1. Name the residues in the stretch 49-70 that are touching a helix residue (DSSP H, G or I) at 6+ places or on another chain (Cβ under 8 Å) and either assigned to a loop (DSSP other than H, G, I, E, B) or closer than 13 Å to Tyr153 by Cβ (or both), would you?
2. Would a scan of the stretch 280-299 turn up a residue that is buried (at least 19 other Cβ atoms within 10 Å of the Cβ), in contact with a Ser or Thr (Cβ under 9 Å, 6 or more places away or on another chain), at pLDDT 95 or above and more than 25 Å from Arg117 (Cβ to Cβ)?
3. Scan the stretch 332-349 and tell me whether some residue there is of a type outside the set (Lys, Arg), crowded, with 16+ Cβ neighbours inside 10 Å and in a loop (DSSP other than H, G, I, E, B).
4. Filter the stretch 324-364 down to residues that are of a type in the set (Asp, Glu) and touching a residue at least 60 places away in the same chain (Cβ under 8 Å) and give me whichever is nearest to Thr377 (Cα to Cα).
5. Among what's in the stretch 25-54 and is of a type in the set (D, E, K, R) and modelled with pLDDT of 95 or more, pick the residue that is nearest to Leu273 (Cα to Cα).
6. Scan the stretch 248-266 and give yes if some residue there is part of a loop (DSSP other than H, G, I, E, B), more than 13 Å from the chain's Cα centre (by Cα) and more than 20 Å from Phe134 (Cα to Cα), otherwise no.
7. With of a type in the set (A, V, I, L, M, F, W, C) and part of a helix (DSSP H, G or I) as the only criterion, which of Leu130, Leu188, Leu157 stands out?
8. Kindly check whether there is at least one residue in the stretch 147-154 that is in a helix (DSSP H, G or I), surrounded by fewer than 22 Cβ atoms within 10 Å (Cβ to Cβ) and of a type in the set (A, V, I, L, M).
Amino acid sequence: MLFKRIGYFTAKIRRAWADGTLRNKAGRFLISSVATPLDVTTGYLRLARQDRQLDLAAGFTDHRGRPEHHRSDPEHLRRIVAAYKAAKQAQQHAPAAFKIRGLWAEWIDVNYRDLVRALNAEDTAALATLFEDFQREQFTIGAGSGYDEYVKYRTSLTGRLYARTVWCRYRDKFESLGKPGEAVHYPLVGNPAGIFLNGDVIQIHTFRHAYHALEMHRWLRDIPNAVVVEIGGGIGGQAYQAVRTTRAPIAKYLIFDIPEVAAVCSYFLLSALPDKRIRLYGEGPISADGSDDYELAVFPHFEIARLPEQSVDLYHNACSFSEMDSVSAAEYLRIIERTCRRYFSHINHEVRFRYRNPDGSISVNIIGSELVPDPHTFNRIFKKPRVFCLPEDRSLPAFEYLYEKRQVSQ
C-alpha cells in the first residue's frame, strides 16, 4: 500500500506541475491535512457510545474470500470489452465539445492505466482481478466507491475515527429523509469497504445515493414509466439505489459517462442487478423509447446528443459538471434544455479551476451557480447547500439544485 501511494502522489505531482495546478492543489491538500483530522476527531467524540464502537475490522477486511462475494462472469467481461472498444473507436469522431480535458483528463492519465491496458489487450483474467477489487482500486477515486475511506483506514492515524464519524453523519442524514426503518442495501461486488448494516457492507457513499434515490422517487411518483438520465454515473451506485426496488417508478435509467468509467459502471450494474435487462454501447440504439427492451443502459458520454427531444423525465448530475471543461458543461446544458420534459437536478461546487492542456490551451470549469437552464422554459424549484459533504471537501462549497420544465398549456 505504501509504495503504491508514493507512486500515486508522484504521478499526481508530475501531472499537476504540467497542467499548472500544483500550487493550488498543494495549498488545498495542506489545509485539508490539518482541518480533516481535527474535524473527524471532534466529531468522533460527539458520537454515541455504540457508534464509537462500530466494528470497522469486519467491514474493511478483504471480502473476496467470502462465498457470497461476486465472481466475474466471463460473458459480462466480454460485453464490457466490446462496449469499451466500440466507444473508444467512436470517440475519435465525437464533437469537440466532448473532448476530455481538465480534471478528468488528469484522473484518466494518473489512475486508469492498469484498467485501460487490460481493456485494450482484452485480458479478461486481468480485468477479473481488477474488477473483483475495484472498490479498493485507485481508478474509482471520485466515482462514489469506498476507495478513499479504505486508504484512510489503512494509512492515516485518524483513519478509523474518520470512517466511524463520517459514516454515522451520512447515516443520520439519510434517516432524516427516509421513512422510519427505511433499509439500505448494497451488494457484495468489487470488495466494498464499509460497516456492516442489515447484513450488507455499507460504504459511506451508499447513504448519499440512497437519499437521492428517495428524492427521485418522490419527484417522479406521479409520472408513469419515467425515464431518468444520469450524466456521470461513476461506479453506478446512484443507479443501483434508484432502480433496485420494485416500487421505483423508473422504467428506464440511462447513464452517460466517459468510456473508462463506463466500463467500471457496467461491471457493477451487471453484477449487482442480474435480473435487470442492461444495454451496453453497441448492443442497441441510443434511445429512451419505452418499447426498447432494456431497463438500464450505460453509454459513452458523447452519445447523449442522440437522445430525441422531450424524451427524459429527470436528468441528474452529482459533482461532475463543475469538474469538466466549461465547453463540455455548456453543451450538456443545451442538450438537457432540448431533451428534458420534466426535471433537471444537479449538485455542483462553486470553485473555479484552471488547467493548462497539453496543447497549451487553458481549460476552465463552470461553477454550479452558472449551470442554469433557460429561465423561459425552466423554473428553479430550489437551491440549497448540499446535504452530503466529506470533511476534506469543505473548501469546495456546493449547492443542490432542482429545476422543473414549464408545462406548455394546450
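The values are calculated or read from the model by the stated rules, or taken from the named source; none is laboratory data. This structure is a prediction, so every number in the text was calculated from the model and none was measured. Counting neighbours? That spans all protein chains shown, and the Cβs are built from the backbone with ideal geometry, glycine included.
1. The first filter runs over the stretch 49-70 and keeps only residues touching a helix residue (DSSP H, G or I) at 6+ places or on another chain (Cβ under 8 Å), leaving 51-52, 54, 56, 60, 70.
Within the stretch 49-70, Leu54, Leu56, Phe60, His70 meet the criteria.
2. yes
3. Within the stretch 332-349 (the criterion being of a type outside the set (Lys, Arg), crowded, with 16+ Cβ neighbours inside 10 Å and in a loop (DSSP other than H, G, I, E, B)), the answer is no, since none of the residues qualifies.
4. First, the residues of the stretch 324-364 that are of a type in the set (Asp, Glu): 325, 331, 337, 350, 359.
Still in the list and also touching a residue at least 60 places away in the same chain (Cβ under 8 Å): 325, 331.
On the way: Asp325: 25, Glu331: 17 Å.
Among them, the one singled out is Glu331.
5. Of the stretch 25-54, the ones of a type in the set (D, E, K, R) are 25, 28, 39, 46, 49, 51-52.
Filter once more, so that each one left must be modelled with pLDDT of 95 or more: 46, 49, 51-52.
Numbers: Arg46: 38, Arg49: 36, Asp51: 31, Arg52: 33 Å.
Among them, the one singled out is Asp51.
6. From the stretch 248-266, those part of a loop (DSSP other than H, G, I, E, B) are 248-249, 258; that's our starting set.
In the following step, the residues that additionally are more than 13 Å from the chain's Cα centre (by Cα) were identified as 248-249.
Okay, now just the ones that are also more than 20 Å from Phe134 (Cα to Cα), so 248-249.
Yes - at least one qualifying residue is present in the stretch 248-266.
7. Details: Leu188 fails: part of a helix (DSSP H, G or I); Leu157 fails: part of a helix (DSSP H, G or I).
Testing whether each residue is of a type in the set (A, V, I, L, M, F, W, C) and part of a helix (DSSP H, G or I) leaves just Leu130.
8. Yes, the stretch 147-154 contains at least one residue that is in a helix (DSSP H, G or I), surrounded by fewer than 22 Cβ atoms within 10 Å (Cβ to Cβ) and of a type in the set (A, V, I, L, M).
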